[in-house]
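First up is the structure itself, then whatever we jot down about it.
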Amino acid sequence: MNGIIKTIHDIDRCQMRYKAGYMEGLGLKGFHAGYITEICAEPGISQDQLAKRLYADKSNIARQVAFLEENGYVRRENDSADKRILRLYPTERALSLLPEILKKQTEWDSFVTSGLTEDDIYAVSEILKKIKRRADAFGKTEG
């Protein structure tokens, strides 16, 4: 890996290390913050939708959701119209953790973008969105 993609990867790894630091006291991994955030943002999201949003494979999603359910952060319910679909709902435990996750995310964003102007942040964000769209499209054509 080199260039911009390696830099993006390295930034992501740094962020995951940061998340791990504040999630481990709860017995959770850093990546669980994304699961909790998405499930709280859209109660009733299906496991399949969550997999697409997190760019994770369905077996990992099922495993991690089971872990979160066992630890009281999520509950799963079968869809009323299609029993094959599992809907995910946050518990009070997840909802009470959400403000702290969002606060930590804001702190991270502020820290890593300090020294950049609003124009810089906008430009980088737009470029990264273009790269993400291309990566997503390529991932759908391969495999």
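Laboratory data are not the source of any read-out in this text; all were calculated from the coordinates shown. In this text the structure is predicted, and so the values were computed from the model without any measurement. We place every Cβ from the backbone using ideal geometry, glycine too, and count neighbours over all the protein chains shown.
Pairs over the 26 Å Cα-Cα cut-off, from the set 103/140; 58/140; 104/132; 6/52: 103/140. Multiplying the residue separation of residue 124 and residue 80 by 0.36 nm and subtracting their alpha-carbon distance yields 11.6 nm. Net charge in the neighbourhood of residue 43 (other residues with Cβ under 15 Å of its Cβ; Lys, Arg +1, Asp, Glu -1) is -1. For the pair segment 81-143 / segment 30-74, the C-alpha centres are spaced 14 Å from each other. Helix content alone sets the calculated 222 nm mean residue ellipticity of the chain: runs of n ≥ 4 DSSP H residues at -39500 (n - 2.57) each, divided across all residues, give -23000 deg cm²/dmol. Placing unit charges on the Cβ atoms only, positive for Lys and Arg and negative for Asp and Glu, gives the chain a dipole magnitude near 440 debye about its Cα centre.
The Rg/Rh ratio of the chain, with both radii computed over alpha carbons and Rh defined as the Kirkwood radius, is 1.00.
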